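What follows is a set of notes on a single structure, which appears directly below.
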Amino acid sequence: MSAEPRPGLPRLDRSLRSAPKAPVRIVHLGLGAFHRSHQAWYTQHAGDAADWGIAAFTGRSPRAADTLAEQDGLFTLVERSAAGDSYEVIGSIVEAVDGADVGRLAELVAAPDTAIVTLTITEAAYAVDASAGSAGSAGSSSTPIARLVAALAARRDAGSGPIAVVSCDNLADNGSVASQAIRALAEAREPALAAWIDANVSFVSTSVDRITPRTTAADLASVAESCAYRDEAAVVAEPFHNWILSGDFPAGRPQWEDAGAIFVDNLEPYENRKLWLLNGAHSILAYAGQVRGHATVAEALSDAVCRDAVESFWDEAARHLTDDALAIPEYRQALLERFGNARIAHLLSQIAADGTAKLRMRALPVLAAERAAGRSGDGAARMIAAWMTYVATTAEFQDPLAGDIREALTLDGEARCAALLALLSPELAQDRDLVGQLRGLQNAMTATIARS
Ligand code: CS2
């Protein structure tokens with residue numbers, strides 16, 4: 001994605017914008033747009049930002065690191081509200097590295113000044129295969145979790161002491177999930193390493209929020225136009241941002257609270273509110289919306305069929321979000337406004353990726369809670385039915401279980417429904433009533449498409 005709006009424009013870097021370079025004290029895995037609009041933004045806005053630089057590693061491809069390195073780590077954050085855009089140069093990323101450079105990762109994680117490792121590695125990346133890890137297969141040693149385990153071993157060997165690992169992926173209890181994944185691989189590699197991790201690594205759980213669509217060539221062109229420099233690493237995000245954290249930072253942390261981060265003892269109600277209401281609605285819109293011919297969140301939300309599906313799922317989820325402090329009516333209203341911001345072209349195809357990993361977090365807890373209360377859970381079930389319809393009608397979908405999904409799609413009727421459901425929960429797939437309910441919801445959805 002390269003924009004060449006006006007030839008001769010200077011490239012953004014630290015000679016163009018004087019941004020002091022803080023020492024690396026945070027290592028990040030997963031240098032995507034969300035990391036830049038969220039953790040990098042919070043770190044820049046901490047009162048002690050001058051002490052906290054980020055070294056950010058890419059996931060699969062070195063491209064984002066190369067682009068950012070050419071700009072000394074600087075990038076523009078475009079805050080896009082319904083009323084207009086504002087621009088800010090973010091300088092908290094001081095080193096951008098190809099994720100395959102495990103040597104540099106180990107060196108930085110082992111450095112005594114490094115206090116924190118943050119993660120945005122996607123929901124799917126936490127499903128590790130510890131048996132493959134023990135065999136040291138090429139596949140597993142190149143996953144972000146396996147790289148981090150190797151880097152933690154280097155920290156232990158260097159005697160650099162405790163550190164915090166902070167998961168910023170959309171998973172319930174993401175600190176514990178990260179801990180289990182890392183521990184399992186460490187145990188398979190060397191039990192003494194697992195013991196060192198138990199004693200020295202603090203796993204912090206967080207709920208993260210900022211809608212950040214993939215940057216387009218048009219976005220880069222508009223940055224060039226407005227800022228009079230070329231920035232190939234710009235990101236666009238909504239003005240809203242939220243970060244709630246729970247856990248210890250044994251080697252210190254930036255004063256993220258200056259930027260609005262909230263530290264709590266009990267994260268669960270907040271993460272459920274965000275995962276169910278925001279991310280759950282996103283998944284409904286992504287699947288039902290695309291099946292009904294829409295491309296963006298704002299477009300899908302303006303379709304009454306999709307909007308009703310969201311509202312009825314929210315009604316169900318809200319029954320299990322009972323703490324008054326959660327202010328659910330206001331949160332729902334704010335979400336409608338955020339989703340309705342048509343200046344943010346948030347593509348449904350982007351949200352639709354990795355459905356099996358996402359629906360386990362977004363649909364299953366509400367479905368289980370509703371069924372335990374003796375109700376149908378139709379709202380949550382409709383999210384799953386929409387996903388089933390989507391994978392059945394879409395040639396190109398991205399999912400860690402894509403092969404299993406394709407195999408399930410060779411079946412018909414309830415057998416297909418049960419096989420797809422088994423990919424989310426083998427246990428639920430045994431429930432004939434639920435399979436019948438999902439089948440009915442799929443038929444109803446197909447009927448609405450035929451009518452519209
Ligand atoms: C989205 C999230 O792609 C998705 O699955 O639901 O990335 C969502 O935009 C963020 O969690 C918002 O904070």
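The values are calculated or read from the model by the stated rules, or taken from the named source; none is laboratory data. Just so we're clear, the structure is a prediction, and the values are computed from it rather than from any experiment. Positions of Cβ are generated from backbone atoms using ideal geometry, with glycine treated the same way; all protein chains shown enter the neighbour counts. Ligands, DNA and RNA are excluded from the accessible area calculation, which covers all protein heavy atoms including side chains. Shrake-Rupley method; radii C 1.70, N 1.55, O 1.52, S 1.80 Å.
Quick look at the values:
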quantity	calculated
Label-point separation, Ala422 to Arg406 (7 Å along Cα→Cβ), nm	1.9
Cα-centre dipole for the chain with unit charges at Cβ (Lys and Arg positive, Asp and Glu negative), debye to 20	560
Between the stretch 56-118 and the stretch 367-446, the Cα center-to-center distance that results, in Å	38
All Cα pairs of the stretch 191-233, percent lying beyond 13 Å	71
Coarse-grained scattering of the stretch 31-172 at q = 0.14, 0.15 Å⁻¹, given as base-10 log I(q)/I(0) from a Debye sum over alpha-carbon atoms	-0.71, -0.81
P(r) weight above 19 Å for the stretch 307-452, C-alpha pairs, percent	56
Using a Förster distance of 41 Å, the FRET efficiency for Gln255-Ser349 (Cβ separation, nearest 0.05)	0.60
Coarse-grained scattering of the stretch 24-265 at q = 0.07, 0.16 Å⁻¹, given as base-10 log I(q)/I(0) from a Debye sum over alpha-carbon atoms	-0.22, -1.13
All Cα pairs of the stretch 135-235, percent lying beyond 25 Å	42
Fully extended contour minus Cα-Cα distance, from Ala444 to Leu9, at 0.36 nm per residue	151.2 nm
Span per principal axis, largest first, for the Cα atoms of the chain (Å)	59, 56, 44
Centroid-to-centroid separation of the stretch 287-307 and the stretch 194-220 [C-alpha atoms, Å]	28
Label-point separation, Ala395 to Asp157 (7 Å along Cα→Cβ), nm	4.9
Solution diffusion estimate, µm²/s, Stokes-Einstein, the stretch 355-417, Kirkwood Rh from C-alpha pairs, 20 °C, viscosity 1.002 mPa s	170
By accessible area with a 1.4 Å probe, ligands and nucleic acids excluded, highest first: order of Glu79, Glu225, Glu257	Glu225, Glu257, Glu79
Sequence-separation-based contact order of the chain, relative, with Cα cut under 8 Å and 6+ spacing, percent	15
